[in-house]
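Pasting in a structure now, in structure tokens, and then I'll have a few things to ask.
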Amino acid sequence: MKKLLASGLMVLLLVPAAFSQELTADEIIQKVNDQFNTETSYGKSKMTIVTTSGQKRTFVQESWSKDRGEKNLVRYLEPRRVKDQAVLMLNHADDIWMFFPRTQRVRKLASHAKKQKMQGSDFSYEDMGSGDAFIDDFTSKRLEDEQKEGQDCYKLELIRKQESSSSYSRLIMWIIKENFLPVVIEYYDDNDPAYLLKTMVASDFRVIDGIPTSMKVVMFNQNDNTQTEMELLEVKYNITLTDDLFTERSLKK
Amino acid sequence: MKKSLQLLFLLFLVIGSLAAQEKVEIFGYFESQYMGTGVKNDYYQLFSNKLRLDLKSDLTEKITFAANFDYITYHGKKEWDILDFLSPDILAQVPPGMEPFYVLNFSNRTFLDNAYFRLSLKHFDLTVGKQQISLGTGYVWNPMDVFNIKELVDPTYEQPGHNAVRLDVPVGNAYTITALYSPDDTWKNSAKLIQLKGRISHFDYSLIAIEKVWRFHDYTQFDLEKMNFLELPEQRRLLGASTAGELFGMGVWAEFAYNWMDSTDDFYELVVGTDYTFDFQTYIMLEYYRNTLGKTDYEQYTLNDWMRVFAAEQKTISKDQVYIFVQHPVTDLINLGVQSIFSISDGSMALVPVMNYSFSENIDIMAYLNINLGKEGSVFSSNMGNGGMLRARIYF
């Protein structure tokens with residue numbers, strides 16, 4: 001009986017693996033995209049920056065997303081210095097507005113602002129943007145499957161499209177076969193495709209509202225020898241969010 | 001002074017009581033600032049301490065109350081003689097015997113800066129009370145903003161609150177109509193504003209109409225009744241437009257306002273700007289500003305022009321100027337930059353190296369040097385004094 005169960009389980013595990021052999025790079029990246037871009041989502045996260053000198057800076061923020069990542073709103077809760085500052089991103093972060101509560105001023109930012117470090121962290125606004133960037137900005141190529149961080153992974157190389165404004169010339173991505181979540185992403189220099197700038201490592205994988213989610217992500221900056229940890233404190237998917245939330249009016253609230 | 005302290009004590013008592021009931025969110029900052037500048041053969045120093053106490057309460061789901069109370073003390077050189085900074089040609093225009101009146105005083109202040117409530121219903125937001133009014137897309141200069149004048153070397157510093165009733169009506173998700181009334185002693189003297197903001201493709205734009213009394217002074221005549229320089233109030237009517245968006249990957253913005261004046265010459269103001277972030281994180285910004293109220297050369301400047309700029313009645317003294325800002329994050333915690341302001345009209349220039357340092361989670365330190373490189377009589381002449389500023393701000 002035990003043998004039967006074991007072989008049955010083996011078949012179950014092997015079947016997706018066998019199917020996975022058939023998946024092309026485009027299909028894999030599309031699945032990654034689908035995982036990232038749920039219809040709507042809400043998250044509360046803590047971002048901890050560790051600087052070269054070992055100092056720490058912690059930020060807590062809330063974020064809302066709608067229309068599969070097309071609309072995003074981020075509002076800072078902590079520290080006091082940035083409390084109530086908010087960022088609205090529409091059209092997959094092609095349109096960005098920033099709100100400064102003390103002056104009640106809303107400033108429209110051009111897409112080059114995506115290259116800037118988010119609150120001095122190792123994440124740029126581009127890194128935090130919607131998963132569509134993997135499809136819109138890069139062409140993907142499948143490399144030989146590998147084990148990474150103890151997970152069976154697809155390995156893809158994403159090369160920047162000529163018309164793309166991404167600040168990375170290429171990405172190497174390890175994607176967990178079981179849930180299509182990237183476990184490691186390497187980001188390479190804008191001008192030198194051989195020069196590794198940053199490495200993102202995801203962990204603490206859980207299923208929330210039926211959707212696989214990495215609750216913790218660490219970005220290691222090889223260039224500056226710093227790191228930033230992003231930890232999800234709370235997350236909800238496919239909740240009801242109206243379009244009113246993603247307006248300048250809402251940004252000011 | 002005693003009255004201010006009593007008021008402060010009373011405020012703390014009320015706030016403490018409200019906070020204990022968890023009805024009001026209390027936050028703010030303490031700011032300590034040092035400013036020094038070399039004038040003639042001396043070096044002037046001004047120290048200030050500012051406590052800003054913010055209160056915010058969501059009284060109901062639809063009503064928000066917010067206020068902030070500022071307490072500022074000044075130390076060091078609290079009286080600055082404006083005449084120390086002016087050229088002999090301008091000094092010759094000072095009426096004999098009036099010299100002692102050309103003084104900027106830094107007196108301790110206690111005031112309610114902003115205090116308003118906001119009613120947010122499905123179809124509109126109504127904000128009543130002293131509130132921030134931010135108009136236009138310009139970074140340093142805002143032709144559409146008749147309520148505030150930004151500090152040239154510190155343009156993002158908060159502006160004072162203005163007493164007003166403001167109605168914002170969203171039309172769809174991309175458009176907003178704003179109507180604002182800022183009362184004065186009579187309806188005629190009160191400021192009225194109507195603005196349409198919208199979005200077309202990747203560009204934001206706004207159209208605005210404002211009527212407001214501009215309270216100029218004649219700094220060559222004295223009003224003995226008011227014991228101040230003679231006020232020359234004049235009705236100002238403004239039509240303006242602004243936009244902000246992106247062209248060829250660069251941020252671009254523009255702002256224009258035409259001003260019809262009741263008795264003096266009409267004038268217009270124009271701002272165009274652009275910015276860009278390089279892949280290596282260096283940020284660069286350039287903004288051009290034209291103000292036809294300004295003069296085309298320093299030989300045309302008058303005592304009134306200078307005084308109106310010092311008193312923040314007028315944005316600039318020269319007609320055409322350019323602001324350039326370059327900044328780079330040298331570490332995760334330190335940004336270094338240089339601001340450069342160039343008066344095209346009189347050929348003078350100021351260089352302002354800036355440093356921003358995140359000292360700890362809730363402590364920011366900002367420092368800049370102010371180096372004026374123009375010839376005598378120009379906007380950025382070395383007569384204006386070369387010096388610097390150091391500011392530490394602790395948020396709570």
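Of everything in the range B:52-81 that's among the aliphatic types (A, V, I, L, M) and crowded, with 18+ Cβ neighbours inside 10 Å, which residue is farthest from residue B:164 (Cα to Cα)?
Ranking the candidates gives B:53 first.
Return the residues of the range B:337-349 that are in a loop (DSSP other than H, G, I, E, B) and under 20 Å from residue B:274 (Cβ atoms); say none if nothing qualifies.
B:344
Name the residues in the range B:275-298 that are of a type outside the set (S, T, N, Q), assigned to a loop (DSSP other than H, G, I, E, B) and within 14 Å of chain A (Cβ to nearest Cβ), would you?
B:278, B:279, B:280, listed by residue number.
Look through the range B:316-336, keep the residues that are of a type in the set (Val, Ile, Thr), assigned to a loop (DSSP other than H, G, I, E, B) and within 13 Å of chain A (Cβ to nearest Cβ), and return whichever of them is farthest from residue A:56 (Cα to Cα).
B:330
Can you tell me how many residues within the range B:328-339 are under 21 Å from the mean Cα position of the chain (by Cα) and buried (at least 18 other Cβ atoms within 10 Å of the Cβ)?
Selection size over the range B:328-339: 2.
Here's another thing I want to ask about it. Looking at the range B:241-274 only, could you name the residues that are free of Cβ contacts under 8 Å to residues at least 60 places away in the same chain, within 14 Å of chain A (Cβ to nearest Cβ) and assigned to a strand (DSSP E or B)?
The answer is B:245, B:246, B:247, B:250, B:251, B:252, B:274.
Quick check on the range A:115-152: of everything there that is of a type in the set (Lys, Arg) and touching a residue at least 40 places away in the same chain (Cβ under 8 Å), which residue is nearest to residue B:276 (Cα to Cα)?
For the range A:115-152, the residue satisfying everything is A:115.
Something else: Does residue B:296 satisfy the condition of being surrounded by fewer than 19 Cβ atoms within 10 Å (Cβ to Cβ) and touching a residue at least 40 places away in the same chain (Cβ under 8 Å)?
yes
If you scan the range A:59-103, which residues turn out to be among the β-branched types (Val, Ile, Thr) and over 15 Å from the mean Cα position of the chain (by Cα)?
A:60, A:82, A:87, A:96, A:103
Quick check on residue B:249: is it surrounded by fewer than 17 Cβ atoms within 10 Å (Cβ to Cβ) and under 30 Å from residue A:88 (Cα atoms)?
It is true that residue B:249 is surrounded by fewer than 17 Cβ atoms within 10 Å (Cβ to Cβ) and under 30 Å from residue A:88 (Cα atoms).
Now, a different point. In the range B:356-379, which residue that is assigned to a strand (DSSP E or B) and more than 14 Å from chain A (Cβ to nearest Cβ) is farthest from residue A:58 (Cα to Cα)?
The selected residue is B:374.
Within the range A:146-174, how many residues are in a strand (DSSP E or B) and aromatic (Phe, Trp, Tyr)?
2
Given the conditions (1) within 14 Å of chain A (Cβ to nearest Cβ); (2) touching a Phe, Trp or Tyr at 6+ places or on another chain (Cβ under 7 Å); (3) among the hydrophobic types (A, V, I, L, M, F, W, C); (4) not in a strand (DSSP E or B), and given that residue B:307 satisfies all but one, which numbered condition is not satisfied?
(1)
Now for a separate question. Could you list all residues from the range B:178-219 that are β-branched (Val, Ile, Thr) and touching a Pro at 6+ places or on another chain (Cβ under 6 Å)?
Answer for the range B:178-219, where residues must be β-branched (Val, Ile, Thr) and touching a Pro at 6+ places or on another chain (Cβ under 6 Å): just B:213.
Moving on to the next point. For residue B:145, indicate whether it is surrounded by fewer than 17 Cβ atoms within 10 Å (Cβ to Cβ) and within 14 Å of chain A (Cβ to nearest Cβ).
For residue B:145, the condition - surrounded by fewer than 17 Cβ atoms within 10 Å (Cβ to Cβ) and within 14 Å of chain A (Cβ to nearest Cβ) - is not met.
Quick check: anything in the range A:145-162 polar (S, T, N, Q) and surrounded by 18 or more Cβ atoms within 10 Å (Cβ to Cβ)?
Checked the range A:145-162: at least one residue is polar (S, T, N, Q) and surrounded by 18 or more Cβ atoms within 10 Å (Cβ to Cβ).
Please name all residue pairs, on different chains or six or more residues apart, with Cβ atoms under 9 Å, provided the first residue is in the range B:142-166 and is without any contact (Cβ under 8 Å) to a residue 12 or more places away in the chain and in a loop (DSSP other than H, G, I, E, B) and the second residue is of a type in the set (Gly, Ala, Ser) and surrounded by 18 or more Cβ atoms within 10 Å (Cβ to Cβ).
From residues that are without any contact (Cβ under 8 Å) to a residue 12 or more places away in the chain and in a loop (DSSP other than H, G, I, E, B), the pairs are B:150/B:138.
In the range B:167-197, what residues are farther than 17 Å from residue B:120 by Cβ, in a strand (DSSP E or B) and under 25 Å from the mean Cα position of the chain (by Cα)?
Residues satisfying the conditions are B:181, B:182, B:191, B:192, B:193, B:194, B:195, B:196, B:197.
Further question: Say we look at the range B:121-142 and pick out the residues that are surrounded by fewer than 19 Cβ atoms within 10 Å (Cβ to Cβ) and either within 10 Å of chain A (Cβ to nearest Cβ) or among the hydrophobic types (A, V, I, L, M, F, W, C) (or both); which of these is nearest to residue B:275 (Cα to Cα)?
Taking the candidates together, the pick is B:134.
Then there is this: Take the conditions touching a residue at least 24 places away in the same chain (Cβ under 8 Å), over 19 Å from residue B:292 (Cα atoms) and out of contact with any helix residue (DSSP H, G or I) (no Cβ under 7 Å at 6 or more places or on another chain) and apply them to residue B:198. Does it pass?
Considered against the rule, which asks whether it is touching a residue at least 24 places away in the same chain (Cβ under 8 Å), over 19 Å from residue B:292 (Cα atoms) and out of contact with any helix residue (DSSP H, G or I) (no Cβ under 7 Å at 6 or more places or on another chain), residue B:198 comes out as yes.
Looking at the range A:118-136, which of the residues that are at pLDDT 80 or above and charged (D, E, K, R) is farthest from the chain's Cα centre (by Cα)?
A:136
The values are calculated or read from the model by the stated rules, or taken from the named source; none is laboratory data. Not measured: the values here are computed from a predicted model. Please note: Cβ atoms are built from the backbone with ideal geometry, for glycine as well, and neighbour counts cover all protein chains shown.
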